[in-house]
Amino acid sequence: MRGEQEVNRAIEAYGNLIRRICLIHLKNHADTEDIFQTVFLKYLLSSAEFQSREHEKAWFIRVTANACRDLLKSAFRRRVVSLDVLTDQPGELSEDNREVLEAVLGLPEKYRDVIYLFYYEEYTAPEIAEILKKNTNTVYTLLSRAKKILKEKLGGETDA
């Protein structure tokens, strides 16, 4: 079991990352807070030793994504939250950013994950492959397909 200082450091370092990943998957602030607590409880109780901060960050990303998927698959989760609920939150987005956010959130989950990790967290394709436990070429394919879908939705240049 980890100490309070170590958990507080992790919350400070990864709290915003966890919330962003949850919002991308769940599109709901209440569920996001539930998963946030779940992830840090798992961290508190975990005996995993991390080789580096990047390894620890990858662990948080993987645990968060898995917890979100588990929640979405759960039996009590039968309702759908509109994108309007997410995009009408405080901190208004510009029209361009809102359009991009809606397009990214409208992607199938397998594309959302790679787009988020590539563009927002600035991971490379091999790093994403390791985090998501996928083949590197699969990640490149998913990125390519996601870019194509986004280009069709948003218009714009071929190179994203």
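The numbered conditions (1) modelled with pLDDT under 90; (2) crowded, with 17+ Cβ neighbours inside 10 Å are all true for residue 105 except (2). Reported count of residues in region 1-20, each being touching a residue at least 24 places away in the same chain (Cβ under 8 Å) and not in a helix (DSSP H, G or I), is 2. Residues in region 1-23 that are under 17 Å from residue 104 (Cβ atoms) and open to solvent by less than 20 Å² (accessible area, probe 1.4 Å): 17, 21, 22. A Cβ distance below 6 Å, combined with a sequence gap of six or more or placement on separate chains, defines the contacts here; from region 125-143, residues that are within 20 Å of residue 60 (Cβ to Cβ) reach residues that are of a type in the set (Gly, Ala, Ser) in the pairs 131/58; 139/125; 139/129. Yes or no: region 22-34 includes at least one residue that is among the hydroxyl-bearing types (Ser, Thr, Tyr), at pLDDT 80 or above and at negative phi. Yes, that holds for at least one residue.
The values are calculated or read from the model by the stated rules, or taken from the named source; none is laboratory data. Keep in mind that what you see is a predicted model, and the values were worked out from it rather than measured. All Cβ positions, glycine included, derive from the backbone under ideal geometry; neighbour counts span all protein chains shown. In case anyone asks, the SASA skips ligands and DNA or RNA and just uses the protein heavy atoms, side chains included. Shrake-Rupley method; radii C 1.70, N 1.55, O 1.52, S 1.80 Å.
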